[in-house]
1. Quick one: net charge of residue 66's neighbours, Cβ under 12 Å, K/R +1, D/E -1?
2. What ³J(HN,Hα) values, in whole Hz, does the Karplus curve 6.51 cos²θ - 1.76 cosθ + 1.60 give for segment 180-185 when θ = phi - 60°, with x put for Gly and Pro?
3. Please report the relative contact order for segment 410-460, taking Cα pairs under 8 Å with a sequence separation of at least 6, and give it as a percent rounded to a whole number.
4. Can you classify segment 62-133 as rounded, prolate or oblate using the Cα gyration tensor, where a ≥ b ≥ c are the square roots of its eigenvalues, rounded means a/c under 1.5, and otherwise it's prolate if a/b beats b/c and oblate if not?
5. Kindly report the accessible area of segment 311-367 per residue (heavy atoms of protein chains, probe 1.4 Å, no ligands, DNA or RNA), in Å².
6. Using Cα-Cα distances under 8 Å and only pairs 6 or more residues apart, what relative contact order does the chain have, in percent?
7. Quick one: length gained pulling residue 18 to residue 272 fully straight, 0.36 nm per residue minus the C-alpha distance?
8. Could you put 459, 321 in order of accessible surface area, largest first, with the 1.4 Å probe and the full protein assembly present?
Amino acid sequence: VSLSPESRAGLIEAVGAAWAREDPDALIAYGTDALQTGRPADLVLLPRTAAEISAIAANCNGDRIPLVVRGGGTGYTGGSVPVRGGVVVSMERLNRILEIDEENLLAVVQPNVVTGDLQDAVEARGLFYPPDPASLRRSAIGGNVAECAGGPRAFKYGTTKRYVLALEAVLPTGEVLRTGSKAVKNVVGYDLTQLLVGSEGTLAIITEITLRLVPKPAAQATLRASFRDIASAVAGVSALLAARVVPATLELIDEVSLRAVERHLGRRLAPEDARALLIVEADGVPPGVAEELNRVEAACRAAGAIDLDRAASDDERHRIWDARRELSHALRALAPLKINHDVVVPRGRVPQLYTLIDRLGHAHGLLVAAFGHAGDGNIHVNFLIDPADPDQVARAATAQRQLFEGVVALEGSISGEHGIGLAKAPYLELELSADVIALMKRLKAAFDPNGILNPGKIWR
Ligand SMILES: Cc1cc2nc3c(=O)[nH]c(=O)nc-3n(C[C@H](O)[C@H](O)[C@H](O)COP(=O)(O)OP(=O)(O)OC[C@H]3O[C@@H](n4cnc5c(N)ncnc54)[C@H](O)[C@@H]3O)c2cc1C
């Protein structure tokens, strides 16, 4: 698709010439996310209001121009990457916190408020917005809603969807809708709010979000448990679940990841013979937190932990968390390309998932790092490869398909939090039946009859 001069002029008029970008550098910069690149857009627009977005959508719909919405651009699956040219609508000017309602425990925000900024603002008032993707200093709430982002705290607090009460959104045909309400209960009609959560910018453009908040926990405490091998660490996870302990976070780090992050930080994070770590954080009222960590320690010891390190100060807590936060960067030093998959299995099947990962690494001669949100059964499986080696690329592709087939056989899912986007579109049929896919496509057509909004995503 290329833009006719009339279409281009109409679109630029919707925002004003000062807020349109057409130079090649901008088109490229707005055409990638954390991993993927596509075909740059013909025009980037930076609207400020829902009314401007409505005018853009109506123009695109009338002229059948692809329209891609962009939040923070930190996605891992190409959601905000244009693949058929057209227009990128960057939400960066819709970046205000409109209201923090302490009485009703909610916040109303524009979509491009940075996740971490919202957390800081509500915490200053004794409130808490739990979803904590590792990208939170750069990702936007709108992008988090569109991907239903998770993070370590999802184990106790759930993912983004649990916090979305109401939305304002612009349909690709230009209508401005309001879904949900400020009340925490609402069963009037179909739940369009939750349909839009996780819709990856394919159904509507979200222009305002009402979020539920919770009280900020009074205390937090962190424990690092080191294990001789991954099997004992995974047994530690099972022991915690069996003891009915639900800490705020339960993160698992394997040997490849541990050694990489130790090299990256230039210090040891665990005893020399440790080959796996669990990082567990409890939060709540102080006596409850202490009691919970005691139970965590007992479960980890029973599972064979060789070292337990409880953080006594905030500094020590941060030192423990460094191991997890720096992981993505540290792994990049191991290979030119890190193919990251956020597969998820029912919590109790994490041991089988690790057996599968180990088997795939050996069978295909690949370096694999597997770490993540063990409490949710959501493990980030990273194939570390050299893209210049075609044989390795082919082996990684086979391993990837077998990984997806394996998680579906374990009754899990090929994506727990990063979405389908471009990257996983070829694998949708592994998980969804033809009837379900057909129904989803009818829903897509009801929202977007001309298929202009984020074409090529989720569906090939
Ligand atoms: C270092 C790193 C760590 C990460 N860690 C995590 C993690 O722990 N958990 C996790 O879940 N993800 C993680 N991610 C992935 C990514 O940060 C999330 O998917 C995040 O939610 C994307 O938000 P964004 O604002 O950057 O969205 P973008 O990448 O800009 O867009 C993502 C999708 O949302 C759509 N979209 C954006 N804004 C809107 C809107 N207003 N209306 C409609 N659609 C919209 C886009 O079209 C696109 O399909 C990580 C990424 C990086 C780079």
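The values are calculated or read from the model by the stated rules, or taken from the named source; none is laboratory data. Small disclaimer: the values here were computed from a predicted structure and weren't measured. Every residue, glycine among them, receives a Cβ derived from its backbone with ideal geometry; neighbour counts consider all protein chains shown. Side chains included, ligands, DNA and RNA excluded: accessible areas come from the protein's heavy atoms. Shrake-Rupley method; radii C 1.70, N 1.55, O 1.52, S 1.80 Å.
1. Working: positive: 39, 64, 84, 457; negative: 42, 63, 448.
Here the count lands on +1.
2. x, 7, 7, 6, 7, 10
3. Reported relative contact order: 59 percent.
4. Values: a/c = 3.68, a/b = 2.25, b/c = 1.64.
Judged from the Cα gyration tensor, segment 62-133 comes out prolate (a/c at least 1.5, a/b above b/c).
5. Details: 2900 Å² over 57 residues.
Value for segment 311-367: 51 Å² per residue.
6. Numbers: 1005 pairs, mean separation 69.6, N = 460.
Computed value for the chain: 15 percent relative contact order.
7. Numbers: separation 254, 0.36 × 254 = 91.44 nm, distance 5.77 nm.
My answer for the length gained is 85.7 nm.
8. Values: 459 40, 321 20 Å².
Result, largest first: 459, 321.
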